[in-house]
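The values are calculated or read from the model by the stated rules, or taken from the named source; none is laboratory data. What you see is a predicted model; the values in this text were computed from it and never measured. Here the Cβ positions follow ideal geometry from the backbone for every residue, glycine too, while neighbour counts run over all protein chains shown. Note: areas computed on protein heavy atoms with side chains; ligands, DNA, RNA excluded. Shrake-Rupley method; radii C 1.70, N 1.55, O 1.52, S 1.80 Å.
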Amino acid sequence: MQGNFTYHNPTKLYFGEEAISHLSNELKNYGPTVMLSYGGGSIKRNGIYDAVLAALKEAGKTVVENPGVMPNPTYEKVLEGCGLVRQHHVDLILAVGGGSTIDYAKAVSASAFCQEDPWDKYWVHQGWPSCPVVPIGAVLTMVGTGSEMNGGSVITNRKAGFKLGKVFGPDLFPKFTILNPRFTMTVPQYQMVAGFFDIMSHLMEQYFAGNADCTTDYLIEGLMRSLVHSSRIAAQNPQDYEARANIMWTATWALNTLLKCGKGGDWEVHQIGHAIGLVTDATHGMTLASVSLPYYRLVMHDGLHQFVRFAQNVWNVRPDGKTDEQVATEGLACLESWMKEIGLVTHSRELGVTEENIPAIADAVLILPVGYRTLTRDEVVSILRQSL
Ligand code: NZQ
Ligand code: ZN
């Protein structure tokens, strides 16, 4: 186990089919004006909007509507939300949606009263809020990002030419989140499996780093096994409540700060994925799926012991009579066949990546000096080419 760390996660979770019944009581802890942030309209079609409005009414709140948060939320949209918060003296931002809506709510919360340029301060320079922030609550409708119980806020700024993440502190974690697996049942299959891979990627980003014997790795392996098991069931039958509930719970634990305890983390796959997202606006989980295999096949040699462990403990690869390279390679082959089985995109061409836009994508990739290998720009280009 390496390093010193502080663990503090203040988000209160209400989980299960009855979770929304707690919303009106929870809302009573906040002031009278609630900004209701949501996406492009799925919550109006599946009834979640009506259920949330009923709770807001029961709690006697004044509602400020803030619809239209897009997947891969933009900085322009964040500034629009900031204007609403200031104009209406919003006491709580209630984000109803997937990671995009919750990430957006955190960005608005930290930026509404910021005296400096928020993009520059938070996303470019990774600074901390010194202004008042607005509390956030969440109703999760799409599983994957972990935004429901973390401080992550990933924002796309096309003018600046970057999609960047900022991980805020506990003040900007949702104060509470409603997690009802049934609310995720209307997510289209493509989005659903993209979310499954996002979870796997969060687990792998944290697993493939460090050399110590670390309790966290055992937790990650357990979560990976549960995810692989339940995702196979859910891909066949998306209405399987048990599988969807397990996956929802796994997603939350995959990125709620627990698994970084004692681990350094890698996160290079996410940097490449974000650059693809910037240029193509593709679905986050699919961007990760498209580059993970070439990336891990490259860094496998630098962190061989961990890739051997991954093969044996997650995929049950038997090591008898095989070299470490063979075992590790077999583990990645198991990862690949699982990805194909559940219907993930494994070619970035399907997302709009081309030979021509690879240089622009490579320019937008942040190269982090962590994980088992610090990439060169040429290696980034090579990974992108192989992903085509
Ligand atoms: O906008 P609506 O109409 O609601 O439709 C959404 C959207 O089109 C739809 N959807 C969500 N719930 C639904 C539903 N459709 C039918 N029924 C439902 N119940 O799904 C689409 C995708 O939603 P989105 O919120 O964009 O997906 P996701 O949760 O994958 O979020 C992606 C964003 O999160 C960031 C990504 O970069 C991306 O911008 N991330 C945030 C992280 C964090 N906070 O820690 C970490 C992640 O690695 C990630 O980077
Ligand atoms: Zn992710």
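Using a simple spin-label model with pseudo-atoms 7 Å out from Cα toward Cβ, residue 225 and residue 305 lie 2.2 nm apart. Overall, the chain carries a charge dipole of about 580 debye about its Cα centre when +1 sits on the Cβ of Lys and Arg and -1 on the Cβ of Asp and Glu, all other atoms neutral.
Put the Cα centre of the range 96-161 next to the Cα centre of the range 222-262 and the gap is 24 Å.
Against the chain, whose longest principal axis comes from its Cα atoms, helix 99-111 is set at around 60 degrees. In the chain, helical runs assigned H by DSSP with n ≥ 4 each contribute -39500 (n - 2.57); averaged across all residues and rounded to the nearest 500, the mean residue ellipticity at 222 nm is -14500 deg cm²/dmol. Once the 1.4 Å probe is applied to the protein heavy atoms, the range 224-285 comes out at 34 Å² accessible per residue.
Modelled label positions at residue 232 and residue 8, each set 7 Å beyond Cα in the direction of Cβ, lie 4.2 nm from each other. Here the accessible area of the chain is 52 percent carbon and sulfur, with a 1.4 angstrom probe and all protein chains present. Among 296, 49, the sequence by solvent-accessible area, most first, with a 1.4 Å probe is 49, 296.
When the listed pairs 28/260; 61/106; 166/260; 28/163; 175/260; 28/166 are checked against a 26 Å cut-off, the alpha-carbon distance exceeds it for 28/260; 28/163; 28/166.
Rolling a 1.4 Å probe across the protein heavy atoms gives the range 324-388 an accessible surface of 48 Å² per residue. Farthest toward the positive end of the dipole of the range 103-184, out of 134, 176, 144, is the Cα of 144, where the dipole comes from beta carbon charges about the Cα centre. Compute the distance from the alpha-carbon center of the range 182-220 to that of the range 8-85, in whole Å. That distance is 25 Å.
Restricting the range 305-388 to GluC sites (Glu not before Pro) that sit in a DSSP loop and have at most 14 other Cβ atoms within 10 Å of their own Cβ leaves 355, 356.
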